[in-house]
1. Expressed as a fraction of 2.2 N^0.38 Å, the rule-of-thumb size for a compact globular protein of N residues, what is the C-alpha radius of gyration of region 182-225?
2. Can you give the three extents of the C-alpha atoms in region 109-148 along their principal axes, from longest to shortest, in whole Å?
3. How would you rank 49-55, 165-171, highest first, on the average number of other Cβ atoms within 10 Å across their residues?
4. Please find the FRET efficiency linking Glu178 to Arg122, where r is the Cβ-Cβ separation and R0 is fixed at 22 Å, and quote it to the nearest 0.05.
5. Rounding to the nearest 20 debye, state how big the charge dipole of region 117-239 is about its Cα centre with +1 on each Lys and Arg Cβ and -1 on each Asp and Glu Cβ.
6. If you roll a 1.4 angstrom probe over the protein chains with everything in place, what fraction of the accessible area of region 64-219 belongs to carbon and sulfur, to the nearest %?
7. How much length is gained on full extension from Ala146 to Ala169, taking 0.36 nm per residue of separation minus their Cα-Cα distance?
8. Using Stokes-Einstein with the Kirkwood hydrodynamic radius over Cα pairs, what translational diffusion coefficient do you get for the chain at 10 °C and a viscosity of 1.306 mPa s, in µm²/s rounded to a whole number?
Amino acid sequence: MTGTDHARSFGAAAGAYARARPGYPDDAVDFLAAGARRVLDLGAGTGKFTEALLRRGREVVAVEPSTRMLAELRARLDVEAREGTAEATGLPDASVDAVVVAQAWHWVDPARAVPEVARVLRPGGTLGLVWNVRDESVPWVGRVWAIAQRGTEHEMRASAGNVGAPFGAGESFTTRFEHVTDRAGVLDLVASRSYVIVLPEAERADVLAEVGRVLDGEFGAGAEIRVPYLTHCTRFTLG
Ligand SMILES: C[S@@+](CC[C@H](N)C(=O)[O-])C[C@H]1O[C@@H](n2cnc3c(N)ncnc32)[C@H](O)[C@@H]1O
């Protein structure tokens, strides 16, 4: 399986993704789209960050390569949404004040995406990269995600260093929130991970059964489950 196949794998789990993945906190939007009126949500998926931008009063254009993710986004949100990639957005020059890439920069080719983002930004515009990372210092969270390939977020976030010219140095901000869900929600969360999506059916069922056993040992039937997250944001300003 190539990196491109892996990046495209999300479409197969678009429903689980939309149901299960947490949104983004308001203070992350305020940092990443500070002073911006029109914002490009790039790699928008099912629209989790789009939703947060709309809630904070921004005008949004969403761009996403997966037709199935885009269909979920269009069904959920009344917003301008186009098929495209970080390397070829299809937007006019200097047409947005900020670009935000939520949980997706590790899928792009920075050598082609950085000039494309710089092209669509107005002078002084910003590129914002954000990742929600579960707080695995909480013991049950560490146990569940040890089963579903723990720790890959740290590698993902390393890609935030890959921006460079014509952008200046990154400015960082981290905030914390809890995603309130239940047993089925945590199972959907695991099922929507790219590593789990691409497993053969029997192996995927084993992973989900093992996660179910950890949850049953930790929480009573029907319990509310609060999944703790750290939201790591980095903002780069066009020089
Ligand atoms: C983990 S999802 C994040 C979706 C959404 N931004 C969110 O925060 O929920 C990663 C998204 O990146 C998209 N993607 C993969 N390769 C991409 C590329 N080259 N350019 C733009 N988006 C890409 C995938 O289709 C997927 O929707």
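The values are calculated or read from the model by the stated rules, or taken from the named source; none is laboratory data. Fair warning: this is a prediction, and the values are worked out from it, not measured in the lab. No Cβ is skipped: glycine too gets one built from the backbone with ideal geometry, and neighbour counts run over all protein chains shown. For accessibility, only protein heavy atoms count, side chains too; no ligands or nucleic acids. Shrake-Rupley method; radii C 1.70, N 1.55, O 1.52, S 1.80 Å.
1. Here the Cα radius of gyration is 1.16 times the empirical estimate.
2. 46, 20, 10 Å, listed from the longest principal axis down.
3. The most tightly packed comes first, giving 49-55, 165-171.
4. 0.05
5. Computed charge dipole of region 117-239: roughly 600 debye.
6. 51 percent
7. Going from the current span to full extension adds 4.9 nm.
8. 87 µm²/s
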